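Peer 1: Structure in C-alpha cells, see below.
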Amino acid sequence: MIEQAVSEGRCGYVAIVGRPNVGKSTLLNHILGQKLSITSRKPQTTRHQILGIKTDGDVQAVYVDTPGIHKNDGRAINRYMNRAATSSVKDVDVIIFIVDRMVWTDEDEMVLETVRHSRCPVILVVNKTDRITEKDKLIPWLDELSRKMDFAHIVPMSAKNGHNVERLERLVHGFLPESIHFYGDDQITDRSSRFLAAELVREKIMRQLGDEIPYQITVEIEEFKEDGGVLHISALILVERPGQKRIVIGDKGSRLKVIGHDARLDMEKLFDNKVMLNLWVKVRSGWSDDERALASLGYTELP
C-alpha cells in the first residue's frame, strides 16, 4: 500500500531487469546502502518484485528489483518469476537493463525484446567491468551494444564495488517526472519485515547448499513477534522430497544450525534488534509446480 505523500519534487519508478545472475540485487543493495534483496552466485535467487526506495533531497526513486528473465519456464514457479519480471516494465518511468560484461545470450535477447517496446527510457548497464581482463575490447563492445537498440545511455559499471553507480543514479534522476513523493522519506521498501526475514533464511539456504539441491525450496514465517526486547521468529522451510529435507538439516542438524546462525546475524542487523530464530523443515510435495500452492505461499503478481 502506498503511504501518504510527504514532500514534493521528483519521484518515479525504475525497473531493474536482466537475465539471472547479472547483478540486479547487488545494484539495488548498493544504491540503498544496505541489504534488501538477497544475493547468491546461483541464478534465480530473486523470485519476487521487491521495491527499494531511495530519497535523496527532493528526488525519490522507487527501484523495482525483479527475478531474472529466463528460458526455462516449464514449472509454475518459473512462469511466475518471468511474469513478475516482464510485468515490471509496465508503467515505470525508467528501465535499467543489466548485462554481464562482454557476454550476450539468448536470455539477454529475451530481455531486449521485453524492453524494446517500452515507452520509457532504457539505460543499458554493462556490469562487472572490473572483471574484464582485456580492457581494450570494452569500447568496441559498447559500440556493438549501442546498435542493438536506441538506449538512452550505456553505462559500464561494477555494482559490487560501486564504480559508476552514482553516475547511474544521476542519469536515473534526470528521467524522473515532477511529482509528490509516493513514500515517506525514511522508508526503504514496501515489503513487510516477515517477508524480509523469510528471504534472509532462503539466502542462507542457497549459499549453504550450492548445487546439492534443486531450488524447490521456500520459506514461510509462522511467528514474528517482539517480547521483552527480543524478536521471536519461527520459520518453516518447505522442500519437495524427504531427501531434500535430510540435506537441508545436515548431519545431526549441523547444516540447519549454520543456516539459522547466519540468518539470525543478518536479521539483527536489518531489524536492529536481538533475534531468537527457530527453524523447521517440512516436506510439501509439488509446491513449486502448483499455482494454488504458490499463491498461498505469497507468490502473487504484485508486491
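Peer 1: Condition (residue is modelled with pLDDT under 90, part of a helix (DSSP H, G or I) and of a type in the set (Lys, Arg)) applied to the stretch 185-208: is it met by at least one residue?
Peer 2: Yes, the conditions are met somewhere in the stretch 185-208.
Peer 1: Quick one: count up the residues across the stretch 7-18 that are surrounded by fewer than 24 Cβ atoms within 10 Å (Cβ to Cβ) and either at pLDDT 70 or above or touching an Asp or Glu at 6+ places or on another chain (Cβ under 6 Å) (or both).
Peer 2: Counting residues in the stretch 7-18 that are surrounded by fewer than 24 Cβ atoms within 10 Å (Cβ to Cβ) and either at pLDDT 70 or above or touching an Asp or Glu at 6+ places or on another chain (Cβ under 6 Å) (or both) gives 5.
Peer 1: Which condition number does LYS257 fail, the rest of (1) modelled with pLDDT of 95 or more; (2) within 21 Å of the chain's Cα centre (by Cα); (3) assigned to a helix (DSSP H, G or I) being met?
Peer 2: (2)
Peer 1: Report, by residue number, each residue of the stretch 130-154 that is part of a helix (DSSP H, G or I), over 21 Å from GLU109 (Cβ atoms) and either among the polar types (S, T, N, Q) or within 26 Å of the chain's Cα centre (by Cα) (or both). Working first, answer last.
Peer 2: As a first pass, look at the stretch 130-154 and keep what is part of a helix (DSSP H, G or I): 130-131, 135-146.
With over 21 Å from GLU109 (Cβ atoms) added as a condition, the list becomes 130-131, 135-136, 139.
Result: ASP130, ARG131.
Peer 1: Here's something else I'd like to know. In the same structural domain as SER25 (by TED's automatic domain parsing), among the basic types (Lys, Arg) and either touching a residue at least 40 places away in the same chain (Cβ under 8 Å) or within 27 Å of LYS54 (Cα to Cα) (or both): is that true of ARG119 in this structure? Steps first, please.
Peer 2: Numbers: in the same structural domain as SER25 (by TED's automatic domain parsing): yes; among the basic types (Lys, Arg): yes; either touching a residue at least 40 places away in the same chain (Cβ under 8 Å) or within 27 Å of LYS54 (Cα to Cα) (or both): yes.
Taking the combined requirement at face value, the residue satisfies it.
Peer 1: Being polar (S, T, N, Q), crowded, with 19+ Cβ neighbours inside 10 Å and closer than 30 Å to GLY57 by Cβ narrows it down to one residue among THR189, THR218; which is it? Full working, then the answer.
Peer 2: Details: THR218 fails: closer than 30 Å to GLY57 by Cβ.
On inspection, the qualifying residue turns out to be THR189.
Peer 1: Run down GLU144, GLU178, GLU199, GLU203 and say which single residue is of a type in the set (Asp, Glu) and free of Cβ contacts under 8 Å to residues at least 24 places away in the same chain. Before the answer, list the steps.
Peer 2: On the way: GLU178 fails: free of Cβ contacts under 8 Å to residues at least 24 places away in the same chain; GLU199 fails: free of Cβ contacts under 8 Å to residues at least 24 places away in the same chain; GLU203 fails: free of Cβ contacts under 8 Å to residues at least 24 places away in the same chain.
It is GLU144.
Peer 1: Of the residues THR45, THR105, THR86, THR133, only one is polar (S, T, N, Q), closer than 30 Å to ILE205 by Cα and modelled with pLDDT of 85 or more; which?
Peer 2: THR105
The values are calculated or read from the model by the stated rules, or taken from the named source; none is laboratory data. From a predicted model like this one, the values you see are computed outputs, not experimental measurements. Here Cβ is always computed from backbone atoms with ideal geometry, including for glycine, and neighbour counts include all displayed protein chains.
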